[in-house]
Amino acid sequence: MELMCSEEATKYIWEGAIPLQIQLHESEITSFPPPPPLMILGSRMGYLPLLVPPLKAHFSSALPPGTDNIWFDYKGLPLKWYIPTGVLFDLLCAEPERPWNLTVHFRGSPGDVLTPCEGEESVKWSYINSLKEAAYVINGNCKNVMNMSQADQYDLWQSLLKGNMEGYMKISSRLKLGPFGEDSLPSDESETVASSRPCRIPVRLYVRSVGEEIVDIEDAPIVDSWDKISYINRPFEICKEEGGYVSLKQALKSLLPETFCINSSQEEGSNTDVKDPNAPDFEDDNAKLRLVRVQGIEPDMDIPFFWLANCLRNPEFYLHICVFISKQPKLR
């Protein structure tokens, strides 16, 4: 499998956008005729609340006086604002929908489902906190993020808002959080000390069950509750001395042992069963893997995991992976 160089792949991801068609909820329309939906591109790296300024301008003439916490839904499901837009799209649209039809609400935020978002500042601090968490996973501390100057923090956030990859790379490189791989060393450590430490990659997994009876993934039922999604923060760890090639398949088996409990007849190299060429890459009695998405891509299961982590991670240094299975995993 031929892979793009890291810079080319990263640029491709940074330029990724989802065409959105956003309509105002009918209960909040005070004008006739009702306003048309807003057609806008949403950055894969961005967050839905960052689209509020153009939405307010577009729907201002139709809104009743006063506003509450602004929120979005997709087919009735309130959308979690702190999950990147691209991840929400990959997770909730089993069959990609373009444009993606969303509804915006300017009042009545469901406090039992969504944490309040007070606008751009809430999104910014959610991003910074995720960056701190990722730094702690990678280096065992987050002092480089904590010690960022106010100017660097501002420039880092602005580069994300504007989709400025070069500006982001310039600032983020000072945090010493990558690249991942057998040739990388944790920051502020000698080669001898670093070589004894495992390489740890921050991963966020979103596991969605589509039902055992589904034949085609596009027929998957819509998600009407977040209870049907398992949201898992779990670092992938590999010891330096192990080295070698680590595939996405191997990483998923390690990250989701509750879902993919491989028995002896399913281990690598086993020939006890003839594999169906149309079957998923691996399955067991607990679950059948139906689909894996990272940044809108359905990667080959043998792709190097370090390449994914280096090239397809989000700006907070987390690799977000959407996993579709035939049965809901039983998490310990």
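We did not get these values from a lab; they are worked out from the coordinates using the rules stated. Please read these numbers as outputs of a predicted model, since none were measured by experiment. Neighbour counts are summed over all protein chains in view; Cβ atoms, including those assigned to glycine, are modelled from backbone coordinates with ideal geometry.
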Which translational diffusion coefficient, to the nearest whole µm²/s, is obtained for the range 1-113 from the Stokes-Einstein equation, given a Kirkwood hydrodynamic radius over C-alpha pairs, 10 °C and 1.306 mPa s?
104
Sorted peptide list for 126-134, 307-315, criterion being average Cβ within 10 angstrom, highest first:
307-315, 126-134
Sequence ranges 17-27, 39-49, ranked by mean other-Cβ count within 10 angstrom, highest first:
39-49, 17-27
Tell me which of Gly140, Ile83, Cys117 sits at the most positive position along the dipole axis of the range 72-143, charges placed on C-beta atoms (Lys, Arg +1; Asp, Glu -1).
Gly140
Contour minus Cα-Cα span, Ala62 to Ala151, at 0.36 nm per residue, comes to 28.2 nm
Take the Cα gyration tensor of the range 106-177, multiply each eigenvalue by 5, square-root it, and list the three semi-axes largest first, rounded to whole angstrom.
26, 16, 9
List the lysines whose alpha-carbon lies under 25 Å from that of Lys327, not counting same-chain residues fewer than 8 positions away?
Lys75, Lys80, Lys228, Lys249, Lys253, Lys275, Lys288
Enumerate the lysines that Lys176 could reach by cross-link, defined here as Cα to Cα under 23 Å, with residues fewer than 8 away along the same chain left out.
Lys11, Lys124, Lys132, Lys143, Lys162, Lys240
